[in-house]
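As structure tokens, the structure follows; a few thoughts come after it.
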């Protein structure tokens, strides 16, 4: 596989795609394919930018030196730190262009939100005091890849914000957090050694695993809490949820958790597809 595709970490992209799918379905008759496409472009390239920025920052700090999991470009020597940093900048630029275009079609406030999103993306592992090293990564993911991505996409198409749009955003945020959580559970021992205080490190192994399952349960619960009868369709994803939870709770670690990251991404796409159908036919 091309090194830049590896660095983009395709398994994490469901976190960017799912909110757009669900929010577009919620938009109903106000669905606008062009605005949805712009929102998707913003989300996907922001996620890719986050991944390159993370690769660069952790690489130059040395925290990726002995990490298990997807290939890191800087730490492995496949690419220079400068080129990976540039890849992050280019990704953020593409996301910014799409975001500004979307803002011009709707509201300038989206530009301000976009600036905050990029700042959060870089600040996750970049800078002198990266918040991802202090257990705030999941909170940021929930806000930007859950609430902002879902409500923002809905607003971009309907030009209104509703309570339901926030409720619908909760499962998307929870599942996006689950992707990061299983990644951090896999890396917990190494992160602890290098002083990276992720939620998994702070909670300890057992509690971190239970919190991962709690995020999956939250996603299902929030969908049902919309009180939309067709939202019960999301329960069709329950077997995959159970299967993933079983592996994580069994104590699987290291390389055994790498496939779980991909499966959690697939769960988010499956859940989002079922939820989108439910919202479209309600």
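Read the figures in this text as sums done on the coordinates, not as results from a lab. Here the structure is a predicted model, which is why all the values come from computation and not from measurement.
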In whole Å, how far is the Cα centre of the range 77-102 from that of the range 1-50? 15 Å
Among 28, 127, 114, residue whose mean-square fluctuation peaks in a GNM of the chain (springs only between Cα atoms under 10 Å): 127
What is the Cα centroid distance between the range 120-157 and the range 216-282, reported in whole angstrom? 21 Å
Based on DSSP H runs of at least 4 residues, each adding -39500 (n - 2.57), what is the mean residue ellipticity at 222 nm of the chain after dividing by all its residues, to the nearest 500 deg cm²/dmol? -23000 deg cm²/dmol
Restricted to Cα positions, what overall size does the range 125-282 have along the principal axes? Three whole-Å values, descending. 49, 37, 20
Report the full-extension gain for the segment residue 224 to residue 281: residue separation times 0.36 nm, less the Cα-Cα distance, to one decimal in nm. 19.0 nm
Overall dimensions of the range 203-258 as given by Cα atoms, namely Rg and Dmax in Å: 13.3, 40
